[in-house]
Amino acid sequence: MGFDYIYDHYSAALMGIAMRVVADKDSAEEIVHDTFLKIWNAMNGYDSEKGRLFTWMARICKNCCLDHVKSKNIKKALKTDDISNVVVDRERGLSEQMNTDTIGVKEWMNVLDTDQRAVFQALYFQGMSQSQAAEDLEIPLGTVKTRLRLGLIEIRKKLGVI
């Protein structure tokens, strides 16, 4: 099979996969381009006994999408805040802390049931990981994740996001 054939028959489908993952046309086009390069370079590794050609190509495209999303998130995580946004009063030795009551967090927490509130308290105010919260609250990790998800849904409803 030639590259033109593969591109003509599968590019639209792979673009659809990329668009569903990244929802940005420029990024999706870049991902599809990378996908076709990987497909072409790995064509000798395709085994028709293990699955259909499109399934194999779709998996490569999905992996390229995930790599793109991860690298984008990592770049965001590595960025630091602009120093001009930081306020420090050296003479007084004071540092301002954000009061959670003044930004409405206390009100948001009131929509949660007691169990969800305990999970949010552990994760967001005590800085625990989900595993640490599960151990501290003596509940399974899956329960922590479920209570967090349900609590976030409740808060989104309160904020009118859902």
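Using 1/(1 + (r/R0)^6) with R0 = 35 angstrom and r between the beta carbons of residue 13 and residue 129, what's the FRET efficiency to the nearest 0.05?
Numbers: r = 39 Å, r/R0 = 1.12.
Taking R0 as 35 Å, the efficiency between residue 13 and residue 129 is 0.35.
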Points 7 angstrom from Cα along the Cβ direction at residue 66 and residue 150: gap in nanometres? 2.9 nm
Between Rg and the Kirkwood Rh of segment 3-78, both from Cα atoms, what is the Rg to Rh ratio? 1.01
Taking only Cα atoms of segment 105-159, radius of gyration then Dmax in Å: 10.4, 30
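Please list 52-61, 134-143 highest first by mean number of surrounding beta-carbon atoms within 10 Å per residue.
Values: 52-61: 16.4, 134-143: 13.2.
Per-residue Cβ counts within 10 Å, averaged per peptide and sorted highest first, yield 52-61, 134-143.
Every number in this text was worked out from the coordinates using simple rules, so none of it is lab data. Note that the structure is a prediction, hence the values are computed from the model and not measured. We place every Cβ from the backbone using ideal geometry, glycine too, and count neighbours over all the protein chains shown.
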